[in-house]
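Below is one structure, written out as structure tokens; the observations come after it.
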Protein chains: 2
Amino acid sequence: MASQLDFIGKDYIAGISNNPRAASRVSSVYSEVQASRIDHALPLPSVFKNPFKIIDGPPSSSAGHPEEIEKLFPNLFGQPSALLVLNQSDAVKSDQKLKIGVVLSGGQAPGGHNVICGIFDYLQEYVKGSSLFGFRGGPAGIMKGKYIELTSEFVYPYRNQGGFDMICSGRDKIETPEQFQQAEETVTKMDLDGLVVIGGDDSNTNACLLAEHFRGKNMKTRVIGCPKTIDGDLKSKEVPTSFGFDTACKIYSEMIGNVMIDARSTGKYYHFVRLMGRAASHITLECALQTHPNITIIGEEVRFRVTQASFVAFGLRTGNIQTFMQVFEKKLTLKNVTDNIVDVICKRAENGYNYGVVLVPEGLIDFIPEVQELISELNEVLAEGNVDEEGQWKKNLKEETLKIFEFLPQTIQEQLMLERDPHGNVQVAKIETEKMLIQMVETELDKKKKAGTYKREFMGKSHFFGYEGRCGLPTNFDATYCYALGYGAGSLLQSGKTGLISSVGNLAAPVEEWTVGGTALTSLMDVERRHGKFKPVIKKAMVELEGAPFKKFASQREEWALKNRYISPGPIQFKGPGSDARNHTLMLELGAQA
Amino acid sequence: MASQLDFIGKDYIAGISNNPRAASRVSSVYSEVQASRIDHALPLPSVFKNPFKIIDGPPSSSAGHPEEIEKLFPNLFGQPSALLVLNQSDAVKSDQKLKIGVVLSGGQAPGGHNVICGIFDYLQEYVKGSSLFGFRGGPAGIMKGKYIELTSEFVYPYRNQGGFDMICSGRDKIETPEQFQQAEETVTKMDLDGLVVIGGDDSNTNACLLAEHFRGKNMKTRVIGCPKTIDGDLKSKEVPTSFGFDTACKIYSEMIGNVMIDARSTGKYYHFVRLMGRAASHITLECALQTHPNITIIGEEVRFRVTQASFVAFGLRTGNIQTFMQVFEKKLTLKNVTDNIVDVICKRAENGYNYGVVLVPEGLIDFIPEVQELISELNEVLAEGNVDEEGQWKKNLKEETLKIFEFLPQTIQEQLMLERDPHGNVQVAKIETEKMLIQMVETELDKKKKAGTYKREFMGKSHFFGYEGRCGLPTNFDATYCYALGYGAGSLLQSGKTGLISSVGNLAAPVEEWTVGGTALTSLMDVERRHGKFKPVIKKAMVELEGAPFKKFASQREEWALKNRYISPGPIQFKGPGSDARNHTLMLELGAQA
């Protein structure tokens, strides 16, 4: 392990340490594994090994309300998708050097650095003499004109590395006319030919608005988006996955697998694991497919339609059709979620298993309408400030709402009353859902114990896996996928495209066969009415209850619940067995896995 | 990734699925990485590639109170250590088949299965026709006579796998005369020639008591111990490390490294990471050496002598010798720990860094005498039950104690008052030290904000890394070390040794050059007075403030505090760069790393 420490002296570090712009990584030391990844050679889709041209598909529409989208994007609406195809004769070529800007927007996701490296290398290879500039700290960097030139030396130490620290990210949005003006001034001053926005659904919507704005003003700056988010909720037919999802899920699954083997070895703990992913439960579902936990809660299932088959599988109840229909009509409530867990625990106890693993999506509470109702009523009551110690204030809650409040464990009640944001609102994000569930399950099992229907000791252990997964070293898949996204973005800009999102497809095939192109951002959009106005949005892709990943999960979870089918994926490998595996969600959605 | 799921059908799984005793792993599915590890070939020390004999060292003494240890172990005291040496002529050989039992005792640690595989393979290779039996569920299995025969087919799927689920573990102790009687009956009935106890300090003490008991009764059953604990606190000159420590620290360091890159990328969070290790802070220290966090709290430093140099480095204060001496005499208190963290945060803010990573050992609270005092006073007050809502009960606390209580954040105060074990005692283990520190730091920073000496926003994020590290796939080092420990245990039993702990040395060298032998368990022992009687104990090895690992840490931590020297070790690799790395603590203690 000595080499970890020796590494700081190595040539390339010494090489860039004279470069004041490379400050962040120069001050860091590389582990052996980090260092070995820098020179990891990335395969490219074969279209980049030969001369290619870009062909256009048919005109596009939008995901909904095309007439409104057309009004919002008069210059871009209807744009065709673009596809790179091999072509010897009239291949893309330009003698004009390009000036390109790139920005990271929103939360960290493994692979972001490789998108930038992909753009950089594309320009080096295809448009020699071009310049790439990185806006610092996200979209605010565009508005404030904070950027650095990305040179070969500067980019080098970030190759295949996790994190966004090369240029850092930010959550600001370019929204107001003044902000659009600022952005316009910056790119004009910099004389930018193109801008690549690496971000999630919001950031790509913003990218499209920028593209429209620049095009509307006949500016030369084109804008291309790239799909980023560990949550996996930015995807469509043409954008099969967002980068970072693969790595994050594998990191979480490594930990879940370890905890599973511990549960089985120890034989006395129920581990409740909360996983990142507030809006959609893709991460939780993927981790379930990778590890086979005893219980998995999928927020979309809790909120949306609960089909009879999947509900029965979820609740492991049969025969009581009346109860079922009642619950079915009401949708799943917090009490139901708890009861379902308690049912499985009791069934497992009968089979001799007094341990287990439960996966819970971070956003669970957001998926339960009754809790939403409780929180909004609490906000009102608290705003009025009439909270007395005797609890008379509770009379201001609706009867149903009060029932839910009383059902919550005391510590959660207190959390709801105490933790509020500067606007006085209850902070749902601070509620540790996994601990709440443990306490509710404890309470229900205590009742059963008194009734003599449960005779074991229940011990819950809570975990939250979140930040650990956002900046890990990207898997071989994410590293390669991101590099191709970057190359793709470069090629789209070179051929004058704007308002597209870089799209790499056919991902189940070997890398050589991956397709590269761009999808019209407007084609992913719908509108939402906010403050009486239509706002364009790229709708978050939720877990489809009729989709292949959920169906596979639903078909197996009853077996996972009662028998133990744990899989421990182990640590991500960069060489040898498992190192080129792609995640289940992707492979199932592509039909490449049964 | 399809092969993960296909694997269930593979021959070896099918092969053992007819074996009812292999129930636990038959029901599991292997990931690609898990599967690839099963057939990973383990190198052996060269002594096992040639005929060897065992030579004895000089007579041993004890770690303390030799006269008392001699009284407690009249038959074993003074035993020499044993060393395997190459020998052609009078090599160890026996035609007598052996019956050996093995037991896992205490908490899980990666590599336990490989010790068992090592014993098994040794018997297969050197004492053909021998039998190995695994006691189920720890020492209770010995007392109750619960065991299974370990066959080649049964053992196979556990090779190089994490967890203890092959035979499971337990925390029972063989203590009373009746329990010794039960153990005696079991091994007599089974006609055991030997017993291998795989465990920590307590379990190895127990192993030695068993060895003494059996020897005292002229029984043929010999007992050999093996050093297991992720905490790393069972070690001595002859037993350089306990297995599991290497893997657990690397798993935690992977996560810490990821969180570091996230901290640097996001630029706005302080991550407080609590790490397993109640008694000693070896894990925290090793993770610090692997990752270079901004602040690391080492329990031993908090409790024990605080040398001027290291204190100054720790507190980053100079010049104020009066304060220093005051604190020095009083030892570090919770307030000091908090102030030290706050100091670093303020210094970093001045340097433009509004983020960081803080490592905290799980046992921190146990290291702070004043908190111990508070808890014992609280226990008394609570036992009397006079806790009134107005807080009059606080008058029963000593003035100093009350101050500490009032210094604690409200939620921790509540935790202390509410969470009690069945005996009515405050449950220190349930206190989330990292959250407590975050809240105390918040409070202090708020004061500084009001005073105008701190102007940033502090946002703390808490993590606990514990269960994730106990059952991971063992690193190449742990896998190989454990296998050698098992081979060693087999060879010691074959040559009639008892009361020794399997000892594999020269660990900084290539595996071929590792030494193999046994160390007299009595030589590791001292006595403690409990209930007026001397009890033998293997003293836990604490972090030595004069040892090489701590000194290296202490010499660098000021730089880590203010500059960013983060290292992200990345996921454990089984092939390629970094895959054969050994941990820093071991290499530094062996003098093999500067």
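Summarise the partner chain shielding of A:461-470 as one whole number: the mean count of Cβ atoms from other chains within 10 Å of each residue's Cβ.
Across A:461-470, the average partner-chain Cβ count within 10 Å equals 5.
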Review point. Which shape class, rounded, prolate or oblate, goes with the stretch A:55-147 when its Cα gyration tensor gives a ≥ b ≥ c as root eigenvalues, a/c under 1.5 marks rounded, and past that a/b bigger than b/c marks prolate?
Key: oblate
**Study point:** Pairwise label distance in nanometres, B:GLN88 with B:GLU185, each label 7 Å out on the Cα-Cβ vector
**Key:** 5.3
Review point. Roughly how many Å² of A:VAL381 are accessible to a 1.4 Å probe, to the nearest 10?
Key: 10
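So for the stretch A:465-594, what percent of the C-alpha to C-alpha distances run longer than 20 Å? If you can, show how the numbers build up before the last one.
Numbers: 5425 of 8385 pairs.
Tail fraction, whole percent: 65.
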Check your understanding: Within straight cross-link reach of A:LYS128, meaning Cα distance under 16 Å, which lysines are found once same-chain residues fewer than 8 apart are removed?
Key -> A:LYS93, A:LYS97, A:LYS99
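At 1.4 Å probe size, put A:SER462, B:SER281 in order of accessible surface, largest to smallest.
On the way: A:SER462 45, B:SER281 0 Å².
Sorted by accessible area, descending: A:SER462, B:SER281.
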Practice item. Using just the helices of chain B, give the 222 nm mean residue ellipticity in deg cm²/dmol: DSSP H runs with n ≥ 4 each add -39,500 (n - 2.57), and the total is spread over all residues, rounded to 500. Key: -13000 deg cm²/dmol
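Report, in debye and to the nearest 20, how large the dipole of chain B comes out about its Cα centre when Lys and Arg carry +1 and Asp and Glu carry -1 on their Cβ. Walk me through the numbers on the way to the answer.
Values: 67 positive and 72 negative charges, 139 e Å.
In total the dipole reaches around 660 debye.
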Point to revise | Relative contact order [Cα under 8 Å, 6+ residues apart], the stretch A:419-518, whole percent | key: 16
Exercise for review: Go ahead and run the numbers for FRET between A:GLU513 and A:LYS535, Cβ-Cβ distance against an R0 of 41 Å, rounding to 0.05.
Suggested key: 0.60
Point to revise | Three-way shape call for the stretch A:151-256 based on the alpha-carbon gyration tensor, with the a/c threshold at 1.5 | key: prolate
Check your understanding: To the nearest 10 degrees, how steep is helix A:334-350 against the longest Cα principal axis of chain A, on a 0 to 90 scale?
Key -> 70
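Please give the per residue accessible area of the stretch A:35-77, computed with a probe of 1.4 Å over protein heavy atoms only, in Å².
On the way: 2160 Å² over 43 residues.
Ligands and nucleic acids excluded, the figure is 50 Å² per residue.
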Revision key, fill the gap. Interchain or sequence-distant (5+) residues whose placed amide H lies within less than 5 Å of the amide H of A:PHE243 are A:LYS228, A:THR229
Practice item. With a 1.4 Å probe and every protein chain left in place, tell me how much accessible area A:TRP560 has, in Å² to the nearest 10. Key: 10
Check your understanding: Once the Cα atoms of helix A:201-216 and of chain A are each reduced to a long axis, what angle between those two axes, in degrees from 0 to 90 to the nearest 10, is obtained?
Key -> 30
Review point. Once fully extended, how much extra length lies between B:LYS450 and B:GLU558, figured as 0.36 nm per residue of separation less the alpha-carbon to alpha-carbon distance?
Key: 36.1 nm
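Hand me the GluC sites (Glu not before Pro) from the stretch A:175-244 located in a DSSP loop with no more than 14 other Cβ atoms within 10 Å, in residue order please. Don't jump to the answer; show the numbers that get you there.
Details: sites: A:GLU175, A:GLU178, A:GLU184, A:GLU185, A:GLU212, A:GLU238; in loops: A:GLU175, A:GLU238.
Sites meeting the loop and neighbour criteria: A:GLU175.
When DSSP assigns beta bridges and you keep just the ones with both residues in the stretch B:129-242, what percent turn out antiparallel, to the nearest 5?
35
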Check your understanding: Put +1 on the Cβ of each Lys and Arg and -1 on the Cβ of each Asp and Glu in the protein assembly as shown; which of B:THR221, A:GLN124, B:ILE261 then has its Cα farthest toward the positive end of the dipole?
Key -> A:GLN124
**Study point:** Other-copy label distances relative to B:HIS531, 7 angstrom Cα-Cβ extension, nm
**Key:** 7.4
Study note, to complete from the structure: Taking Cα pairs closer than 8 Å and at least 6 residues apart, the relative contact order of chain A in percent is 23
**Study point:** Accessible solvent surface per residue of the stretch A:154-195, calculated while the other protein chains remain in place, 1.4 angstrom probe, Å²
**Key:** 39
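For the stretch B:232-279, compute the orientation-averaged projected area of the C-alpha convex hull (one quarter of its surface), in nm². Don't jump to the answer; show the numbers that get you there.
Working: hull surface 16.4 nm².
Its Cα hull, projected and averaged over all orientations, spans 4.1 nm².
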**Study point:** Teacher prompt: B:ILE55 distances to equivalent labels in other copies, 7 Å Cα→Cβ, nm
**Key:** 8.0
Check your understanding: Stokes-Einstein D for the stretch A:360-449 at 25 °C, 0.890 mPa s, Kirkwood Rh over Cα pairs, in µm²/s?
Key -> 178
Exercise for review: Note the buried accessible area between B and A here, summed over both chains, with a 1.4 Å probe, in Å² to the nearest 100.
Suggested key: 5700
Practice item. Kindly write out, for the stretch A:482-494 in residue order, the coupling ³J(HN,Hα) from the Karplus curve 6.51 cos²θ - 1.76 cosθ + 1.60 (θ = phi - 60°), rounded to whole Hz, with x marking Gly and Pro. Key: 5, 4, 5, 4, x, 4, x, 4, x, 5, 5, 5, 4
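Please give the per residue accessible area of the stretch A:339-463, computed with a probe of 1.4 Å over protein heavy atoms only, in Å².
On the way: 6210 Å² over 125 residues.
For the stretch A:339-463, the per-residue accessible area is 50 Å².
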Check your understanding: Could you give the angle, 0 to 90 degrees to the nearest 10, between helix A:245-266's Cα long axis and the longest principal axis of the Cα atoms of chain A?
Key -> 30
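So if I place +1 on the C-beta of Lys and Arg and -1 on the C-beta of Asp and Glu, and nothing else carries charge, what would the dipole magnitude of the protein assembly as shown be about its Cα centre? I want it in debye, nearest 20.
On the way: 134 positive and 144 negative charges, 234 e Å.
Computed charge dipole of the protein assembly as shown: roughly 1120 debye.
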Practice item. For B:ASN294, list long-range residues whose amide hydrogen, built 1.01 Å from N in the peptide plane, is under 5 Å from its own amide hydrogen. Key: B:VAL357
Exercise for review: May I ask you to list the lysines whose Cα is less than 18 Å away from that of B:LYS563, ignoring any residue fewer than eight positions away on the same chain?
Suggested key: B:LYS268, B:LYS347, B:LYS552
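Sort A:GLU380, B:GLU528, A:GLU153, A:GLU444 by heavy-atom solvent-accessible area, probe 1.4 angstrom, most to least.
Details: A:GLU380 115, B:GLU528 70, A:GLU153 90, A:GLU444 20 Å².
Accessible-area ranking of A:GLU380, B:GLU528, A:GLU153, A:GLU444, largest first: A:GLU380, A:GLU153, B:GLU528, A:GLU444.
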**Study point:** For the stretch B:334-483, size of Cβ-based charge dipole, Lys and Arg +1, Asp and Glu -1, in debye
**Key:** 800
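To two decimal places, what compactness ratio does the stretch B:97-217 give when its Cα radius of gyration is scaled by 2.2 N^0.38 Å? Before the final figure, lay out the partial values.
Numbers: Rg = 13.5 Å, N = 121, 2.2 N^0.38 = 13.6 Å.
Normalised Cα radius of gyration, the stretch B:97-217: 0.99.
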Point to revise | Under 20 Å from the Cα of B:LYS398 - aspartates and glutamates, other chains or at least 8 residues apart | key: B:ASP366, B:GLU370, B:GLU373, B:GLU377, B:GLU380, B:GLU384, B:ASP388, B:GLU389, B:GLU390, B:GLU406, B:GLU414
**Study point:** As computed over the protein assembly as shown, the Cα convex hull volume per residue (Å³)
**Key:** 195
Exercise for review: Give the Rg (one decimal place) followed by the Dmax (whole number) of chain B, computed from C-alpha coordinates and expressed in Å.
Suggested key: 25.7, 83
Exercise for review: Once the label point is placed 7 Å from Cα along Cβ, list for A:LEU86 the distances to the corresponding points in the other copies, in nm, shortest first.
Suggested key: 5.8
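For the stretch B:121-187, take N as its residue count and report Rg(C-alpha) divided by 2.2 N^0.38 Å. Present the calculation step by step, with values, prior to reporting the outcome.
Working: Rg = 13.7 Å, N = 67, 2.2 N^0.38 = 10.9 Å.
Working it through for the stretch B:121-187, the quotient is 1.26.
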Check your understanding: Can you give the % of DSSP beta bridges in chain B that are antiparallel, to the nearest 5?
Key -> 40
Practice item. Considering only chain A, pick the residue with its Cβ nearest the axis of the rotation onto chain B, and state the distance in whole Å. Key: A:PRO571, 2
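Going through the cross-link list A:LYS461/A:LYS535; A:LYS435/A:LYS540; B:LYS335/B:LYS450; A:LYS430/B:LYS539; B:LYS335/B:LYS551; A:LYS49/A:LYS497, which pairs have a Cα-Cα distance over 31 Å in this structure?
Values: A:LYS461/A:LYS535 43 Å; A:LYS435/A:LYS540 27 Å; B:LYS335/B:LYS450 19 Å; A:LYS430/B:LYS539 42 Å; B:LYS335/B:LYS551 24 Å; A:LYS49/A:LYS497 21 Å.
As for pairs spanning more than 31 Å Cα to Cα, those are A:LYS461/A:LYS535; A:LYS430/B:LYS539.
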Exercise for review: Leaving ligands, DNA and RNA out of it, work out the accessible area of B:TYR353 with a 1.4 Å probe and give it in Å² to the nearest 10.
Suggested key: 70
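The values are calculated or read from the model by the stated rules, or taken from the named source; none is laboratory data. This one's a predicted model, so the numbers in the text were calculated from it and none came from an experiment. FYI the Cβ positions are ideal-geometry reconstructions off the backbone, even for glycines, and counts take in every protein chain you see. SASA here: full protein model, heavy atoms, side chains in, ligands and nucleic acids out. Shrake-Rupley method; radii C 1.70, N 1.55, O 1.52, S 1.80 Å.
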